[in-house]
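Derivation of every value follows stated rules applied to the coordinates shown; laboratory data play no part. Please read all numbers here as calculations on a predicted model, not as lab measurements. Methodologically, a virtual Cβ is constructed for each residue, glycine included, from the backbone with ideal geometry; neighbour enumeration extends over all protein chains shown.
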Amino acid sequence: MIEDFQDIFVFTITAKDVIANILVATICGLFIAFLYKHTYKGLNYSSAFTISLIMLTMITAVVIMVIGNNLARAFGMVGAMSIIRFRTAVKDSSDIMFIFFALTIGLAAGVKLYSIAIFGTFFISLVYLIVTQLNFALPQKREFLLQIIAAGNQLSENPFAEIMTRHCRRFKLVNVKTLGEEGDELMEFSYYVNLKSELKGTRLVSQIKEMEGVKQTNLFFDETS
């Protein structure tokens, strides 16, 4: 029984295993990078980050092979890695997910768990594709930002309430500011609105534009809401 327990800590690796581990990590890393490239919807896409996902998967597999079952190596590797300082802030939560994804698959490949590495890459990617394509995380009723620029001296008190009540489930005035120099009397009104029907957003904009004194009207989807 003691021999069986000792066998748990036996970690042998051959040149063939090294090649196989790195090859599996490379294939899975390429797949992860391809998934990231074709599903990223933000404004800060980085080709360097995409390539880094491939390299991170491979490097993690190599690190695990180097450490093996040697506790001294593990502590030494932690000390060596602590020297590195990451200066780039990760702004997108999906980027953190992909980093952890690559690390996990690299770990599996590094300990010769090829079925877990390959199946895990495929299954997680499939679920992520389905969730993103179905817009699972988006709220059922999206909030829009309505901006109106109008001549303040030509507007009555609370001039837009009647039209908004007609087209919106709810609306909220969040900002009013004066534009241009004194004497122009142009004012910008910003509203958060929930439309009764998103298909009728153009009608809301057109009716406000027809009002006396209105110079410009814009309707934006508020991604921060």
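Results, tabulated for the structure shown:
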{"quantity": "5 angstrom amide H check on ARG170, placed H, neighbours 5+ away", "calculated": "ASN194"}
{"quantity": "Violating pairs (Cα-Cα greater than 25 angstrom) within the set LYS172/LYS196; LYS41/LYS172; LYS172/LYS215; LYS177/LYS215", "calculated": "LYS41/LYS172"}
{"quantity": "Rough spin-label spacing in nm, given labels placed 7 Å along Cα→Cβ, for LYS37 and THR165", "calculated": "5.5"}
